[in-house]
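To start, the structure itself, in structure tokens.
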Amino acid sequence: MGAGGRMSAPPTRKNAEIDNLKRVPYSKPPFTLGQIKKAIPPHCFQRSVIHSFSYVFYDLTIAFLLYYIASNYIQPLSQPFSFLAWPVYWFVQGCVLTGVWVIAHECGHHAFSDYQWLDDTVGLILHSALLVPYFSWKYSHRRHHSNTGSIERDEVFVPKQKSAIGWYSKYLNNPPGRFLTLTIQLTLGWPLYLAFNVSGRHYEGFACHYHPYGPIFSDRERLQIFLPDAGVLAVVYGLYRLAVAKGLAWVVCYYGGPLVVVNGFLVLITYLQHTHPSLPHYDSSEWDWLRGALATVDRDYGILNKVFHNITDTHVAHHLFSTMPHYHAMEATKAIKPILGDYYQIDRTPVFKAMFREAKECIYIERDEGDRKGVFWYNNKL
């Protein structure tokens, strides 16, 4: 109760949305990375083999349990009940396997254990099972973390300037066009990125995560690219043998459907973490590592935050300290918020609403009049 007996009005949904879209500061922060790190309890940086493996075993147990339910209870269903049950299985299993993908992602950041060989072994096995070339992704993803927010050197979801967008963009800038664009992006975006570097940084020559001698990789990295290629080929061959033995429909129902969901979530999570009307991008005249790392946003996926091991709602902390295990990231995020202040961004807009909003608002980047020349913001006026 305030003065005069009046209560202050709670923030409205409209005000909350305005706050979500408020631009984050783009000047150099008044704090250093060292000061941020000091705010985090030291144990948050400790990696435990047992703790990390517990998540592997938990996720795989749930995945095998879902497979058991599908093979014993969904497979025998008659139509049309099976048509209703299979998509439910695909979605739930896809969510669980996205969690498995995230653990392999931890391995790529050396956040799984203190042993690099163990991290790479676990990451290679888990990512290969999901048709991801582990070392290829690891090296390009590491450069993404080294260059986040740079319009010249970032690796993924690099926004285009207005002069570079396609002629067809104005025809897709409507609800049906955005639905079509997002559908293609969520279903085909991940394999197209791996195979053809779609939405990735511009390279001279053919950029492909499966090509050891492509421009993505340095000379010292090339030999390791053959290993994940072999891993993916081994899984593809295993799927071929399963298709011969059990039929293509069996492989599609038990593996293909969930994999499409995994790939869709990978694209959606990454897209929404790095695409937001409030986030700046920088050219080489303004970019520095700390401001780039802060040009990301945490999102709220509800119960899926836990299923995805909080990669969704602790992304800012992850970009600041990528070797920190995911099971400490929530505690670390709470610790750094007071230090970051307005530089910390979280948007709790429902994910699918945010997806369509960002597709509408974030078409290209350009400089604002009066702002620094090297700072770019999203715009949608075609």
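The values are calculated or read from the model by the stated rules, or taken from the named source; none is laboratory data. This is a predicted model, so every value here is computed, not measured. Backbone-built Cβ (ideal geometry, glycine too); neighbour counts: all protein chains shown. Protein only, heavy atoms only, side chains kept; ligands, DNA and RNA dropped before computing areas. Shrake-Rupley method; radii C 1.70, N 1.55, O 1.52, S 1.80 Å.
If Ala39 satisfies all but one of (1) in contact (Cβ under 8 Å) with a residue 24 or more places away in the chain; (2) open to solvent by 40 Å² or more (accessible area, probe 1.4 Å); (3) within 30 Å of Thr333 (Cβ to Cβ), what's the number of the condition it fails?
Just one mismatch for Ala39, condition (2).
Could you pull out every one of the helices (runs of 4 or more DSSP H) wholly within the range 71-179 that has 2 or more residues that are at pLDDT 95 or above, closer than 30 Å to Phe53 by Cα and of a type in the set (D, E, K, R)?
116-129, 134-146
Restricted to the range 263-282, and to residues that are among the β-branched types (Val, Ile, Thr) and part of a helix (DSSP H, G or I), which residue is farthest from the chain's Cα centre (by Cα)?
Filtering the range 263-282 for residues that are among the β-branched types (Val, Ile, Thr) and part of a helix (DSSP H, G or I), the one farthest from the chain's Cα centre (by Cα) comes out as Val267.
Going by the conditions given, is Leu172 in contact with a helix residue (DSSP H, G or I) (Cβ under 6 Å, 6 or more places away or on another chain) and surrounded by fewer than 19 Cβ atoms within 10 Å (Cβ to Cβ)?
In short, yes.
Search the range 246-262 for residues that are in a helix (DSSP H, G or I) and pair each with any residue that is modelled with pLDDT of 95 or more and charged (D, E, K, R) when their beta-carbon atoms are under 9 Å apart and the residues are at least 6 apart or on different chains.
Filtered contacts from the range 246-262: Tyr254/Lys246.
For the range 187-223, which residues satisfy the criterion of being charged (D, E, K, R), more than 16 Å from Pro133 (Cα to Cα) and in contact with a Pro (Cβ under 8 Å, 6 or more places away or on another chain)?
Listed by number, the list holds a single entry, Glu204.
Are there any pairs, at least 6 apart or on different chains, whose C-beta atoms fall under 7 Å, with the first in the range 49-74 and closer than 27 Å to His109 by Cβ and the second outside any helix (DSSP H, G or I) and not basic (Lys, Arg), and if so, which?
Listed pairs, sorted by first residue: Val49/Ser113; Ser52/Phe112; Ser52/Ser113; Ser52/Pro325; Tyr55/His309.
Return the only residue of Ser199, Ser218 being open to solvent by 30 Å² or more (accessible area, probe 1.4 Å), of a type in the set (Gly, Ala, Ser) and under 20 Å from the mean Cα position of the chain (by Cα). Full working, then the answer.
Working: Ser218 fails: under 20 Å from the mean Cα position of the chain (by Cα).
Of the residues listed, the single one that is open to solvent by 30 Å² or more (accessible area, probe 1.4 Å), of a type in the set (Gly, Ala, Ser) and under 20 Å from the mean Cα position of the chain (by Cα) is Ser199.
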